[in-house]
Amino acid sequence: MNITGRNSGRGILNPWALCFMTLVISLCVLTSVVQAGEVTRNFKVNNWITKMQAIPIPDSPGRVIGFYERQGDVEYEDGEKAKQLLRCTFDIVRGLGTFQGYSQLIFKDGSTALVKVEGVMTKLKEGKLPAGHGTGKYICGTGRFKGIQGKNTFKVRMLKPFAGESKGDALVEVTATYSLPGK
């Protein structure tokens with residue numbers, strides 16, 4: 001112990017060492033919260049209607065509003081597979097119009113991703129089944145998709161009408177771009 005009351009400098013950090021330690025700690029903290037790079041993935045969904053309720057609008061021939069649920073199989077270009085649960089509301093006239101809702105992707109490892117979607121169904125030439133397109137925004141995720149942020153675009157091609165035994169099968173092609181929090 002120094003009896004003069006002065007400190008010899010031992011045991012105290014000099015200003016440069018303190019500055020260096022602050023920089024190192026700051027870099028460690030900032031690196032842990034920086035988002036990982038964006039990922040772009042393409043996938044296809046083959047889905048079908050499992051529930052639907054349509055309510056006709058008076059004095060507007062062919063116009064209905066309602067709700068539907070679609071379930072389907074998802075396959076990514078890299079071979080990963082998942083399931084889809086899609087729930088939407090719609091406002092259509094003779095099969096053409098707008099829809100909006102939520103698409104949940106459920107992966108084999110238990111992870112999920114929830115996407116808010118909106119789109120439009122349009123008429124094709126020559127009386128073919130309607131087709132559609134739209135956009136989506138990732139709302140949240142669980143497991144390896146916890147903290148997901150991003151968007152997607154999609155095209156819908158109806159394969160079968162919703163009538164009789166047919167459940168309105170559709171093929172949806174999606175391009176998703178998202179990022180996940182860094183580890």
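Here LYS44 is the anchor, and the lysines within straight C-alpha reach of less than 16 Å, apart from those fewer than 8 places off in the same chain, are LYS81, LYS83, LYS151, LYS155. Using a simple spin-label model with pseudo-atoms 7 Å out from Cα toward Cβ, VAL39 and LYS151 lie 2.0 nm apart. When both region 78-110 and region 154-183 are represented by their alpha-carbon centers, they are found 6 Å apart. Here region 33-95 has 54 percent of its accessible surface on carbon and sulfur atoms, given a 1.4 Å probe and all protein chains in place.
Available extension along the chain between GLN104 and LYS123 is 4.2 nm, counting 0.36 nm per residue and deducting the alpha carbon span. The smallest convex shape that holds all Cα atoms of region 104-183, its convex hull, gives 101 Å³ per residue. Over region 142-183, all Cα pairs binned in 10 Å intervals from 0 give whole-percent P(r) values of 24, 29, 24, 19, 4, 0, listed from short to long. Counted by Cβ distance under 12 Å from ALA131, the other residues give a net charge of +4, where Lys and Arg count +1 and Asp and Glu count -1. Prolate is the label for region 31-183, because a/c, from the alpha-carbon gyration tensor with a ≥ b ≥ c as root eigenvalues, is 1.5 or above and a/b exceeds b/c. Rounded to the nearest angstrom and listed largest first, the equivalent-ellipsoid semi-axes of region 49-122 from its Cα gyration tensor are 30, 11, 9. Computed over neighbours whose Cβ is under 9 Å from that of GLU69, the net charge equals +3, Lys and Arg +1, Asp and Glu -1. Hey, for a label at GLU80 modelled as a point 7 Å past Cα toward Cβ, could you say which residues of region 129-169 have their backbone N under 20 Å away? Under 20 Å, as judged by backbone N against the label point of GLU80, lie 136-155 of region 129-169.
With a cut-off of 19 Å on the backbone N, the residues of region 140-178 near the modelled label site 7 Å out from ARG87 along Cα-Cβ are 140-142. Work through the residues other than GLY110 whose Cβ is under 12 Å from its Cβ and net out their charges, Lys, Arg +1 and Asp, Glu -1. The answer is +3.
The values are calculated or read from the model by the stated rules, or taken from the named source; none is laboratory data. Here the structure is a predicted model, which is why all the values come from computation and not from measurement. Virtual Cβ from ideal backbone geometry, glycine too; neighbours counted across all protein chains shown. Each accessible area value is taken on the protein alone, full model and side chains, heavy atoms only, with ligands, DNA and RNA left out. Shrake-Rupley method; radii C 1.70, N 1.55, O 1.52, S 1.80 Å.
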